[in-house]
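Written out below as structure tokens is the structure these notes cover.
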Amino acid sequence: MAAKFPLPNGSVLEIASIFGAAVAFTALTNALPPVATAAGHDIENGDVLLVSSGWALIADRAVSAANVAADTFALKGLNTTNVDKYTPGAGVGSVLPVTAWAQISKVTAFISAGGEQQYLTVGYLEDDDDRQFPTNRNPITLSITVEDQPTAAYVALVENYGDSKELAVVRLKLPGGDQILYPGYVSITTTPTMDRNSLMTRTISIALSGRPVRILAGA
């Protein structure tokens, strides 16, 4: 069998154009994935949700709804089993469901920067070599280069996000069926970059508000 390589060709990039009303949940379990209790909700399996929670480690992250029942739904992509990090009973909050998307078309480059592990360096008097201990990670920023399309529907949407400084959700749909969800603050350059005999482009920047979540196809 020939080897398969993960090529991005054929990927589709979308940005949330409409959010539904916030759905409050009165409980959130310590589980993989955590299950939210929300009486009479109208969330469906596969809905993309922007999370607000008393647990800071999952606040402002984007997830997919799963295992939906009459008064509960799971936040697929999250793991809150560690009770030292996620105090039981403290995770209540709400979710904003994405109800419509706009395609960000004619993407020529998609670059992710940041996310590297940082370290505390310590050296004791008796040591010959310094030691390192992991601390936090750098924030992640996406830089997306697109063809200059001033009349495209997504352009005004991204510009409005930049002006309002409200959180957005961007979804990357990969050819194999996987999806990557990116929550963050979005902006776009106000003027295109131009070189002779080259495509006029603009750059969309996304400062992530939380770690991205990858939803595997068929999972």
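Against the criterion of being surrounded by 14 or more Cβ atoms within 10 Å (Cβ to Cβ), within 14 Å of the chain's Cα centre (by Cα) and closer than 20 Å to Ala217 by Cβ, Leu96 does not qualify. Among the conditions (1) surrounded by fewer than 14 Cβ atoms within 10 Å (Cβ to Cβ); (2) touching a residue at least 24 places away in the same chain (Cβ under 8 Å); (3) assigned to a strand (DSSP E or B), the only one that Gln118 does not satisfy is (2).
For the stretch 125-161, which positions are surrounded by 17 or more Cβ atoms within 10 Å (Cβ to Cβ) and of a type outside the set (A, V, I, L, M)? Answer for the stretch 125-161, where residues must be surrounded by 17 or more Cβ atoms within 10 Å (Cβ to Cβ) and of a type outside the set (A, V, I, L, M): Thr145, Tyr154, Tyr161. Evaluating Gly176 against the criteria (1) surrounded by 13 or more Cβ atoms within 10 Å (Cβ to Cβ); (2) closer than 27 Å to Ala59 by Cα; (3) modelled with pLDDT under 95; (4) not β-branched (Val, Ile, Thr) leaves one unmet condition, (2). Checked against the criterion of being among the small types (Gly, Ala, Ser) and surrounded by 15 or more Cβ atoms within 10 Å (Cβ to Cβ), the candidates Ala113, Ala102, Ala109 yield just one match: Ala102. Can you say whether Tyr161 is in contact with a Phe, Trp or Tyr (Cβ under 9 Å, 6 or more places away or on another chain), hydroxyl-bearing (Ser, Thr, Tyr) and not in a loop (DSSP other than H, G, I, E, B), as far as the supplied structure shows? When the stated conditions are applied, Tyr161 passes them. No other residue among Ala56, Ala39 is in a loop (DSSP other than H, G, I, E, B), without any contact (Cβ under 8 Å) to a residue 12 or more places away in the chain and outside the structural domain of Val169 (by TED's automatic domain parsing) apart from Ala56.
Against the test of being in a strand (DSSP E or B), in contact with a Gly (Cβ under 6 Å, 6 or more places away or on another chain), touching a residue at least 12 places away in the same chain (Cβ under 8 Å) and not hydrophobic (A, V, I, L, M, F, W, C), the options Ser112, Ser205, Ser143, Ser187 yield a single qualifying residue, Ser187. Residue-level analysis places Ala90 outside the set of residues that are crowded, with 19+ Cβ neighbours inside 10 Å, in the same structural domain as Asn45 (by TED's automatic domain parsing) and touching a Phe, Trp or Tyr at 6+ places or on another chain (Cβ under 7 Å).
Taking the conditions (1) more than 26 Å from Gly46 (Cα to Cα); (2) touching a Ser or Thr at 6+ places or on another chain (Cβ under 7 Å) in turn, Gly184 satisfies each one other than (1). Considering only residues in the stretch 168-177 that are touching a strand residue (DSSP E or B) at 6+ places or on another chain (Cβ under 6 Å) and either outside any strand (DSSP E or B) or not β-branched (Val, Ile, Thr) (or both), the one that is farthest from Val51 (Cα to Cα) turns out to be Lys173.
The values are calculated or read from the model by the stated rules, or taken from the named source; none is laboratory data. Here the structure is a predicted model, which is why all the values come from computation and not from measurement. Positions of Cβ are backbone-derived with ideal geometry, glycine not excepted, and every protein chain shown enters the neighbour counts.
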